[in-house]
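None of the figures in this text is laboratory data; all of them are computed from the coordinates on show. Since this is a predicted model, take the numbers as computed values, not measurements. All Cβ positions, glycine included, derive from the backbone under ideal geometry; neighbour counts span all protein chains shown.
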Amino acid sequence: MPAKTQKRAPPPRKRRSERRIGCGAAYILITGLAIVAGLVYVSGQFFRVASVEVVGAQRLNAAQIVQTADIHVGENLLFLRKTAVSQRLFGSFAYLEELRITRGLTGRIVLTVTERQPVVCIQQEGWFWIADGSGRLLEQTSLPSQTEGIARVDGIVLLEPMIGQSRVFPADQRDKFPVLLQLTDAFREWGLLGSVARVDLTRAYDVSFQYGHDGQFHVILGLPANLEAKLSMFVHVRDNELGPYDRGTIDLTAERVARFEANPA
């Protein structure tokens, strides 16, 4: 009998499929790497600091703010840490009250600052210590010209004062601090800040202030109670009963009564 001829099986196609899958995976991997590389390049080119600007600075020096912020042109925006910038600035500038940091895709960094307002100053050992309405010490100067428009407070002594500190009063004078806060708040509400030249807190139960930097009126408040009513009476008398050339003492210690005594001619 003739021998049977055996048919050869067709070559397996599995290897070809595996090669196609391998090529596809390699293509996907290369494409992914290219995309990542592109993103890194774009972020490196377009997400860098192009400029740093300061808005709102009046007493503060804008150049010093930028230097202290330690933000440099060309720095990657993605690595900018706002918290660290804020800590550096608040730790360096006593006048700084609020800070807002904004950044844009164009690489523009804007530092918007709100400054504390000087309200009172206390003279001690040849220095003038300037403070805001909360009692925070903002500045130390020996020049009286730098205290113009700021009420000078008599009768308060500071205990080891340092710029940036608050409420540095000896224990026996801490009862005067709430009185000072009440006065500055009331002066602000009635638009008197900037016109009050001196405040006398030597005795907390006998408070007075000098109105007008030319010494126009000496205003006696007495006890620091009912400040709203007392200052309301003062403004009424100033605007309706006295003129720009009147000089003297306005006594507001009596309830709902303002007594004016003109200075001797």
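With r defined as the distance between the Cβ atoms of Trp190 and Gln123 and R0 fixed at 22 Å, what FRET efficiency is calculated, to the nearest 0.05? FRET efficiency, Trp190 to Gln123: 0.30. Extension gain for Glu228-Val110 works out to 38.4 nm (0.36 nm per residue, less the C-alpha to C-alpha distance). Placing R0 at 41 angstrom, the Cβ-Cβ distance between Ala50 and Gln140 gives a FRET efficiency of 0.65 after rounding to 0.05. Across every direction, the projection of the convex hull enclosing the Cα atoms of region 51-115 has a mean area of 3.9 nm².
The length gained by stretching the chain between Thr102 and Asp206 to full extension, at 0.36 nm per residue less their Cα-Cα distance, is 32.5 nm. Sorted from greatest to least, the principal axis extents spanned by the alpha carbons of region 77-119 come out as 40, 17, 10 Å. Close amide H pairs (under 5 Å, H built 1.01 Å from N) link Glu97 with Thr114, Glu115, Arg116, residues at least 5 positions away or on another chain.
If you plug the beta carbon distance of Asp214 and Arg167 into 1/(1 + (r/R0)^6) with R0 = 30 Å, you get a FRET efficiency near 0.40.
The HN-Hα couplings worked out from phi for region 87-95 by the Karplus form 6.51 cos²θ - 1.76 cosθ + 1.60 (θ = phi - 60°) are 4, 5, 6, 5, x, 10, 10, 5, 6 Hz, whole numbers, x standing for Gly and Pro.
Between Tyr245 and Gln58, the modelled label-to-label distance comes to 3.5 nm, taking each label 7 Å out from Cα in the direction of the beta carbon. Protection proxy ranking of 215-228, 168-181, by the mean of other Cβ atoms within 10 Å over each peptide's residues and highest first, is 215-228, 168-181. Mean projected area of the convex hull spanned by the Cα atoms of region 120-262, taken over all viewing directions: 8.3 nm².
Placing a label point 7 Å from the Cα of Asp175 along the Cα-to-Cβ direction, no residue of region 223-254 has its backbone N under 11 Å from that point.
Taking every DSSP bridge with both residues inside region 51-115, close to 60 percent are antiparallel.
Close amide-amide hydrogen proximity is noted between Arg198 and Arg152, Gln210, each under 5 Å apart and 5 or more residues distant or on a separate chain (H modeled in the peptide plane; Pro and chain starts excluded).
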